[in-house]
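Participant: Structure incoming, see below.
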Amino acid sequence: MSAVVVLGGSRAEHIAVGLARLLKAELGEVEVTRFPDGEMYIRILPNVKGRRVVYVNTLQPSPNDALMETFLALDALRDLEAREVHAVIPYMAYARQDERFKPGEAVSIVTIAKLFKSLELDAIYTVDMHLHRVTDPSKLFGARFRNLTGVHELAKYVKHQPELRENAIVIGPDEEAEQWARIMAEDLSLDYAVLEKKRYSATEVRIEARGADVEGKKAIVVDDIISTGGTIVEAVKVLRELGASGVAVTCVHPILSGNAYAKLQKLDLLDLAGTDAVLSPISRIPIAPAIAGALEKELSL
Ligand code: R5P
């Protein structure tokens, strides 16, 4: 029996398989079903008493169900006397509501963090979580907190396509994406530029470009999340106006809400790819390698 057991929630079984392989750990099963009234039923199948457990679940699609499933599973692991519980949450839902933007709003991520804190986890691992206004996530979530990045995996994917990389520039569609554009540009030995975005509502954004020299070049856009696709649609429009010879789009979390995928398909992109941190029709890039190294270190494997 391996010292570490990896368990996958209903949205991340594929990531659990990848992590168990990379960590050379046992892969365990979790039964997830529903009672007739819609309530969730969770059963941890392996005996976890005294063992170190890595539980992975990602909080999209249907974030509310995913959260309830995750809380039930993690609390059960504690109750079943696992020696250590490591929660891998590649996509942390509710992270974008990290401030009271209008009077009376719930600051959702603080509430979610309180619930995680009550589980007394040993460590939490997220991937490119929106942490703009959360300065000390370990304190907020009450556990060692590692926010990892999936951008190196995106860069590896592009690296395998020499024709895409040639005469290309990496583009962050807004100021916040500078961090991801910089990593990808470094990994690919390319230049990068960042566009300027103004958000008017959850679905309406405007993008402007100042100083982005893309004329005659291929633009490789990188972002953390594609939700409605509004940001990408606007960015592609601007890049074409600036004379880009073609545009490819990559992202870590392809949430693709509503008709986002249909909108993106109409853009005639050179490529459109995301990681499997969230499953979607474009989730072609495994996220497990971005997480395995941190777990290896934490678990001293
Ligand atoms: C913004 O903070 C993020 O980095 C993404 O640019 C944004 O979440 C994308 O959302 P949408 O696809 O709805 O424009």
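Participant: Between residues in segment 90-111 that are over 23 Å from ALA12 (Cβ atoms) and residues that are more than 13 Å from the ligand (Cβ to nearest atom) and of a type in the set (D, E, K, R), which pairs lie under 9 Å by C-beta distance while being six or more apart or on different chains?
Facilitator: GLU99/GLU105; ALA106/ARG100; VAL107/ARG100
Participant: Out of all the residues in segment 17-36, is one or more touching a Leu at 6+ places or on another chain (Cβ under 9 Å) and closer than 26 Å to VAL110 by Cβ?
Facilitator: Checked against the condition, which is being touching a Leu at 6+ places or on another chain (Cβ under 9 Å) and closer than 26 Å to VAL110 by Cβ, segment 17-36 yields no hits at all.
Participant: Among (1) in contact with a strand residue (DSSP E or B) (Cβ under 9 Å, 6 or more places away or on another chain); (2) under 23 Å from ILE287 (Cα atoms); (3) free of Cβ contacts under 8 Å to residues at least 12 places away in the same chain, which single condition is LEU121 missing?
Facilitator: All conditions are met except number (3).
Participant: Can you tell me which of GLU175, GLU120, GLU105 is among the charged types (D, E, K, R), in the same structural domain as SER245 (by TED's automatic domain parsing) and either out of contact with any Phe, Trp or Tyr (no Cβ under 6 Å at 6 or more places or on another chain) or surrounded by 15 or more Cβ atoms within 10 Å (Cβ to Cβ) (or both)?
Facilitator: Within the list GLU175, GLU120, GLU105, the selection yields GLU175.
Participant: Looking only at segment 217-233, which residues are near the ligand (Cβ under 8 Å from one of its atoms), in contact with a Lys or Arg (Cβ under 9 Å, 6 or more places away or on another chain) and touching a residue at least 40 places away in the same chain (Cβ under 8 Å)?
Facilitator: ILE225, THR231, ILE232 - these are the residues of segment 217-233 that are near the ligand (Cβ under 8 Å from one of its atoms), in contact with a Lys or Arg (Cβ under 9 Å, 6 or more places away or on another chain) and touching a residue at least 40 places away in the same chain (Cβ under 8 Å).
Participant: Here is a further query. Can you tell me which residues in segment 142-172 are in the same structural domain as LEU121 (by TED's automatic domain parsing) and touching a Lys or Arg at 6+ places or on another chain (Cβ under 6 Å)?
Facilitator: GLY142
Participant: A further question on this structure: How about segment 134-201: which strands (runs of 3 or more DSSP E) wholly inside it have at least 3 residues that are among the β-branched types (Val, Ile, Thr) and at pLDDT 95 or above?
Facilitator: 168-172
Participant: Find the strands (runs of 3 or more DSSP E) located wholly in segment 6-94 whose residues include 3 or more that are among the β-branched types (Val, Ile, Thr), and list them.
Facilitator: Result: 30-34, 52-56, 84-89.
Participant: Right, here's the next one. Can you pull out every residue in segment 242-253 that is under 12 Å from ILE207 (Cβ atoms) and either of a type in the set (Lys, Arg) or not in a loop (DSSP other than H, G, I, E, B) (or both)?
Facilitator: Hits for segment 242-253: nothing passes.
Participant: Right, something else. Could you tell me which of the residues LEU264, LEU239 is outside any strand (DSSP E or B) and away from the ligand (no atom under 13 Å from the Cβ)? First the steps, then the outcome.
Facilitator: Working: LEU264 fails: away from the ligand (no atom under 13 Å from the Cβ).
Result of the check over LEU264, LEU239: LEU239.
Participant: Now for a different question. Restricting the search to segment 122-133, which residues are farther than 18 Å from GLN60 by Cα, under 20 Å from the mean Cα position of the chain (by Cα) and at pLDDT 95 or above?
Facilitator: ALA123
Residue-wise test of (1) surrounded by 21 or more Cβ atoms within 10 Å (Cβ to Cβ); (2) without any contact (Cβ under 8 Å) to a residue 12 or more places away in the chain; (3) within 19 Å of ALA143 (Cα to Cα).
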residue: GLY8; (1), (2), (3): yes, no, no
residue: HIS14; (1), (2), (3): no, no, no
residue: GLU39; (1), (2), (3): no, yes, no
residue: LEU59; (1), (2), (3): yes, no, yes
residue: SER62; (1), (2), (3): no, yes, no
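Participant: For segment 139-198, which residues satisfy the criterion of being under 18 Å from SER245 (Cα atoms) and of a type outside the set (A, V, I, L, M)?
Facilitator: Of everything in segment 139-198, those that are under 18 Å from SER245 (Cα atoms) and of a type outside the set (A, V, I, L, M) turn out to be GLN161, PRO162, GLU163, ARG165, GLU166, ASN167, GLY172, PRO173, ASP191, TYR192.
Participant: Another question, if that's okay. Give the number of residues within segment 128-139 that are crowded, with 19+ Cβ neighbours inside 10 Å and over 15 Å from ARG96 (Cβ atoms). Spell out the reasoning first.
Facilitator: At the first step, the residues of segment 128-139 found to be crowded, with 19+ Cβ neighbours inside 10 Å are 128-130, 134, 137.
From what's left, over 15 Å from ARG96 (Cβ atoms): none.
Residues flagged as crowded, with 19+ Cβ neighbours inside 10 Å and over 15 Å from ARG96 (Cβ atoms) within segment 128-139 amount to 0.
Participant: LEU256 versus (1) away from the ligand (no atom under 16 Å from the Cβ); (2) assigned to a loop (DSSP other than H, G, I, E, B); (3) within 26 Å of GLN60 (Cα to Cα); (4) not β-branched (Val, Ile, Thr): which is the lone unmet condition?
Facilitator: (1)
The values are calculated or read from the model by the stated rules, or taken from the named source; none is laboratory data. Predicted, not measured: the structure shown is a model, and the values here were computed from it. Methodologically, a virtual Cβ is constructed for each residue, glycine included, from the backbone with ideal geometry; neighbour enumeration extends over all protein chains shown.
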